[in-house]
1. What order do 57, 52 take when sorted by accessible area (1.4 Å probe), most exposed first?
2. For the pair residue 56/residue 2, report the inter-label distance in nm, with labels modelled 7 Å from Cα in the Cβ direction.
3. What angle, in degrees between 0 and 90 and rounded to the nearest 10, separates the Cα long axis of helix 25-41 from the longest principal axis of the Cα atoms of the chain?
4. Tell me, what % of the accessible area of the chain is carbon and sulfur with a 1.4 angstrom probe?
5. Dipole size in debye (nearest 20) for the chain around its Cα centre, Lys and Arg Cβ +1, Asp and Glu Cβ -1?
6. Tell me, rounded to the nearest percent, the portion of alpha carbon pairs in the chain spaced more than 19 Å apart.
7. What do you get for GluC sites (Glu not before Pro) in region 5-47 restricted to DSSP loop and a cutoff of at most 15 other Cβ within 10 Å of the site's Cβ?
8. Can you give the accessible area per residue of region 1-57, in Å², using a 1.4 Å probe?
Amino acid sequence: MSVFQWAYLDGEGNELGRSSRFEDADAAEAWISISWQDLAANGVEDVVLFDHARDRHVYRMGLAAE
């Protein structure tokens with residue numbers, strides 16, 4: 001069962017969309033590590049990792065280059 005998913009947020013915290021679901025947090029994090037620049041180029045400023053099995057947010061992360 002796929003339980004992890006990224007939500008894409010704009011600068012005001014509005015949801016712009018969501019990723020596909022992933023089997024585990026490691027797979028979700030591997031995907032975001034190669035996808036964040038494309039997301040940022042398309043207006044996504046933050047992402048939130050959801051754990052659907054536990055019905056909670058795991059963490060929120062900004063995509064701005066530091």
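The values are calculated or read from the model by the stated rules, or taken from the named source; none is laboratory data. Remember, predicted model here, so these are calculated numbers, not experimental data. Please note: Cβ atoms are built from the backbone with ideal geometry, for glycine as well, and neighbour counts cover all protein chains shown. The accessibility values were calculated without ligands, DNA or RNA, using every heavy atom of the protein model including side chains. Shrake-Rupley method; radii C 1.70, N 1.55, O 1.52, S 1.80 Å.
1. 57, 52
2. Rounded to a tenth, the inter-label distance reads 2.4 nm.
3. Approximately 20 degrees, to the nearest 10.
4. Roughly 45 percent of what the probe reaches on the chain is carbon or sulfur.
5. Using only the charged Cβ atoms, the result is roughly 180 debye.
6. 24 percent
7. When the GluC sites (Glu not before Pro) of region 5-47 are filtered for loop state and at most 15 Cβ neighbours within 10 Å, 12, 23 remain.
8. On a per-residue basis, region 1-57 sits at 61 Å².
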